[in-house]
Amino acid sequence: MVIKTQYRVIILMLTLLAVAAGGLYLLSANQKQHAQVLYQEIADENQRLFAAVYRLDGDPQATITSDYTYWDDMVTFTKNPSTVANQKFAHENLDTALSTYSVDNIWVFNASAKQIYKVASSGHANIDLPLSTQQIQAAFAKKPLAHFFIHTSQGLVELRGATIHPSNDPGRTTPEQGYFFVGRVYDLAFRQSLGSDLKSQVDLAPTAPMHLPDPSTGTVILSQALAGLDGQPVSYLQVSSDAPSIREIYQLSNQLLRNFVVIVVPALLLLFWFLTGFVTQPLNIISGTLKTHDPEPLDELEKKHTEFGQIAALLGDYFRQNRIQLSDAHARLRASINSINIGFIMTDVNRNVTMVNDAARRILFNDIRRSREVTLAELNQLLGKLQLDRTVTNSMTTIASHSLGEVQLGDKFVRAFVAPVTEVAGKAPVLGCIILVEDVTLERSLKRARDEFFSIASHELRTPLTVIMGNAAMINEEIVPKVKDDTLKGMTKDIFDSSQRLIQMVNDFLDTSRLEQGKIKFELETVDVAKLLQDLVKQYGHMAEEQGIQLKYEVVSGGNGSTKVKADVAKLQQVLINLLSNAVTFTHKGSITMRLDPHADYARIFVTDTGEGIPEARHHLLFKKFQQAEENILSRNATRTLDPGAARDTTHGTGLGLYISKMLMEGMGGLIRLESSEVGKGTTFSITLPVATSVKIKKGDPNGKKSPLN
Amino acid sequence: MAKKVLLIDDDPLIVRMYERIFSFANIDIKTSLMPTDGLAQASAIKPDLILLDIMMPDMDGLEVLRRLKGDDVTKAIPVIILTNLSDEARSKEAIKLGAASVMVKSDFSPKQVVEKVQAALGTTK
């Protein structure tokens, strides 16, 4: 299989592109992985940093909540906060604690969870803690310390609280005397201060981030859930830090992709264009010309100063030269075929008509316009009974010529002939088929005129001949016995013999012409050939004996076939009499034997004499019309002879006896042939006929039973 | 009583020849060279047998035969076709029209014709 170079180039290009794209993908995947690792590292670092800062920030609050609630003064304060001493305590200790511990709000509740004191740092509103008694009791139901976030009118507030106990109860096992809360508001200032510690931006978000941020932006985000009173997050602290190294990795990757698209793809396209334009296209043109033998497409290529241009120029010259010679030869052949007077039609192996010469158009269509399309189907219909279509198929399959016979087309008679076209005579492969058609109208009418003339002339000849012969016979019978003059007797006998011979000749001519014109009808009936032969022996036995010859009849022993044949009895008799009289004429001593050889489906009669025999050189002429004439045509210098031995013809001249016999035998479905003949020893002829019961075997039927009659 | 035979044939040579042989055989032979005359004679003399040619001018022998067989007076008279036209189709037609037999002149000597006629006359007695 030939793979076009063009396709190879395309495959190469695609492969290159795939390799480049694959490499790029791997690189990019590798970088992404690297970026992810880096991101994780930065995130972990941020987490660590955040935890440290956050703890540092939270420690003072934890301390104040813890320390202040073990204070006996605080216990006293919760019991009666409105006393001057207690008010003083609050102002001196609690208010200052705001700045000491850098918290924003402080709230104190008594044992009944009633708010008894509140104070706020400057810059922050001194709001009530928005917690109900139940919420406060719930916050400390299980443990004495609490840490949670709540939303207030000031914003999100981190609360740390503890139950209040006397200093002698560090285990907080006694009933609580009150509740103490410190709060830090997560306002912008706080977040900014936290952000500057973490070198990040700190924001509050109502929910956790749905997914990780796009790492290509170079931002590492850390999200910290802030739990409410019930433990569920009430807000999220989001710490975003910038990681330029990650961003750079992505930028580099994108740059690579851009470079690939901008540089590699155009480069490949350029290479492809170059290969197609300078290699594959010229190759295509050249290979196309090599295939079609058409130098036309080479024209452009020939002008190019490349190796392909040189090749194209050489090829172009070669094919142009070739084409001139070829078209010259083709034109001459076409002209020759168009000039011949026989219709010539050619088909290709697919039965498409490829050529119809002028004669064929004239004969078949009375129309010589070459533009007229002709198809095999049309020809088949036109020639009807000749079954052209079937014969063409048959001819191409069997690689054999077929004569189709004649058919009448309007006022014409046309004869057709079919032959397969092969490169080597009689051998496959078959290239197509030739159909020859010939106008035989003139030939036929001439033959017909000749035959009719012959027939009428023969009839007209017979009347005076009958009179001559009849009168001569009467003279012989009535007058001659009374005459004593032997010369006169001899003369009248010669007249009678000659007239008889002449009549026989005329009869032969008549038979021949009528057989050839198909005017003789054969009436096939069942004939007992054994009885027929016995009758012939009775009838002609004495005639042979007069010449000293014995006429015998025998049946081949062991033959158990039928002696009943299918034949026209009068014609069969005529053939046998012809064979017998020939044998009698050419046998001077010995015998003539008629031997019947009956078989299951045919019967054969051998007529054997012990006479002169026929020279082998003449065997092939025996059943031909006018053997002497043919002999003379074949051998110009041969002496013209009417020697009856030459034709083995008892009519002494026409040479039609065996020709007529042959036509008669074939006419009734039998055959006649020379079995053997040797000069000086004798001759055997045989005739064969189908037995009456056998199935009629059609001539030339390939499916028929094999029979000697075929 | 001598038998009467009528020969209808347009050729005088043929007619004369058969006249001779029939007279040798002591058969009374009447002849006619014209088909129409032959028809007239046939009904006039009522011969015992008619010998009839086929190829004749004016009227074809088969037409003569058809008329003979169509006429009550002559239809019983046996007719032997005596011709030189060996045309099977016409021989068959003649037999179909009622001819007793068909003889080709050139295939039989005059004597054989006489013998055939005698045989025919014998069977018609």
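Please report, ordered by residue number, the helices (runs of 4 or more DSSP H) entirely within segment A:1-113 with at least 3 residues that are surrounded by 16 or more Cβ atoms within 10 Å (Cβ to Cβ) and assigned by TED's automatic domain parsing to the domain that holds A:Thr174. Even if it seems obvious, please write down each step before you answer.
Working: elements: A:5-68, A:72-79, A:84-89, A:96-100.
Hits in segment A:1-113: A:5-68, A:72-79.
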Cβ pairs under 9 Å, 6+ apart, first in segment B:110-122 and more than 12 Å from every other protein chain (Cβ to nearest Cβ), second of a type in the set (A, V, I, L, M, F, W, C) and in a helix (DSSP H, G or I): B:Val117/B:Phe22
Within segment A:234-263, can you find the residues that are exposed (fewer than 15 other Cβ atoms within 10 Å of the Cβ) and among the basic types (Lys, Arg)? A:Arg258
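Looking at segment B:11-34, which of its residues are among the basic types (Lys, Arg) and touching a Ser or Thr at 6+ places or on another chain (Cβ under 9 Å)?
Here is the first cut: in segment B:11-34, the residues among the basic types (Lys, Arg) are B:16, B:20, B:30.
Answer for segment B:11-34, where residues must be among the basic types (Lys, Arg) and touching a Ser or Thr at 6+ places or on another chain (Cβ under 9 Å): just B:Arg16.
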Mind checking whether some residue in segment A:82-96 is within 20 Å of A:Ser167 (Cα to Cα) and in contact (Cβ under 8 Å) with a residue 60 or more places away in the chain? no
Would a scan of segment A:183-193 turn up a residue that is surrounded by 14 or more Cβ atoms within 10 Å (Cβ to Cβ), under 16 Å from A:Ala62 (Cα atoms) and of a type outside the set (A, V, I, L, M)? yes
Please find, among A:Ser241, A:Ser253, A:Ser196, the residue that is in a strand (DSSP E or B) and out of contact with any Pro (no Cβ under 7 Å at 6 or more places or on another chain). A:Ser241
Look through A:Gly277, A:Gly218, A:Gly231 and report the one residue that is within 28 Å of A:Val19 (Cα to Cα) and either free of Cβ contacts under 8 Å to residues at least 24 places away in the same chain or assigned by TED's automatic domain parsing to the domain that holds A:Gln192 (or both). A:Gly277
For A:Cys433, the lone unmet condition from (1) under 30 Å from B:Asn84 (Cα atoms); (2) crowded, with 17+ Cβ neighbours inside 10 Å is (1)
Return the total of residues in segment B:84-100 being in contact (Cβ under 8 Å) with a residue 12 or more places away in the chain and away from chain A (no Cβ under 14 Å). 5
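Can you find, within segment A:493-526, the residue that is nearest to the other protein chains (Cβ to nearest Cβ) among those that are farther than 18 Å from B:Asn84 by Cα and in a helix (DSSP H, G or I)?
Of the residues in segment A:493-526, the ones farther than 18 Å from B:Asn84 by Cα are A:493-498, A:516-518, A:521-526.
Narrowing the set further to residues that are in a helix (DSSP H, G or I) leaves A:493-498, A:516.
Details: A:Lys493: 14, A:Asp494: 17, A:Ile495: 14, A:Phe496: 9, A:Asp497: 13, A:Ser498: 14, A:Glu516: 15 Å.
It comes out as A:Phe496.
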Is it the case that segment B:72-83 has a residue that's within 20 Å of A:Ala473 (Cα to Cα) and within 14 Å of chain A (Cβ to nearest Cβ)? yes
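So is A:Ser99 at pLDDT below 85, over 26 Å from A:Asp230 (Cβ atoms) and not charged (D, E, K, R) or not? I'd like the intermediate steps shown before the answer.
On the way: at pLDDT below 85: yes; over 26 Å from A:Asp230 (Cβ atoms): yes; not charged (D, E, K, R): yes.
Criteria met by A:Ser99.
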Would you tally the residues in segment B:1-49 being modelled with pLDDT of 90 or more and farther than 22 Å from A:Met474 by Cβ? 15
Which pairs have Cβ atoms under 7 Å, sit 6 or more apart or on different chains, and link a residue in segment A:472-487 that is within 13 Å of another protein chain (Cβ to nearest Cβ) to one that is surrounded by 12 or more Cβ atoms within 10 Å (Cβ to Cβ) and not in a helix (DSSP H, G or I)? A:Ala473/B:Ser109
Anything in segment A:148-186 that is in contact (Cβ under 8 Å) with a residue 60 or more places away in the chain and within 20 Å of A:Ser223 (Cβ to Cβ)? List them, or say none. A:Phe148, A:Phe149, A:Ile150, A:His151, A:Leu156, A:Glu158, A:Arg184
Quick one: how many residues across segment A:565-574 are in contact (Cβ under 8 Å) with a residue 40 or more places away in the chain and over 60 Å from the mean Cα position of the chain (by Cα)? 5
Kindly evaluate A:Lys489 against the criterion of being under 60 Å from the mean Cα position of the chain (by Cα) and surrounded by fewer than 17 Cβ atoms within 10 Å (Cβ to Cβ). no
Taking A:Met505 as the residue in question, decide whether it is outside the structural domain of A:Pro598 (by TED's automatic domain parsing) and within 30 Å of A:Met668 (Cα to Cα). yes
Pairs under 8 Å by beta carbon, first residue in contact (Cβ under 8 Å) with a residue 60 or more places away in the chain in segment A:668-684, partner surrounded by 15 or more Cβ atoms within 10 Å (Cβ to Cβ) and among the basic types (Lys, Arg), six or more apart or different chains? A:Met668/A:Lys566; A:Met668/A:Lys571; A:Gly669/A:Lys566; A:Ile672/A:Lys662; A:Thr683/A:Arg648
Just wondering, is there one or more residues in segment A:133-152 that are surrounded by fewer than 14 Cβ atoms within 10 Å (Cβ to Cβ), assigned to a loop (DSSP other than H, G, I, E, B) and among the polar types (S, T, N, Q)? no
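The values are calculated or read from the model by the stated rules, or taken from the named source; none is laboratory data. Everything quoted here is computed from the prediction, not taken from an experiment. All Cβ positions, even for glycine, are placed from backbone atoms using ideal geometry, and neighbour counts span all protein chains on display.
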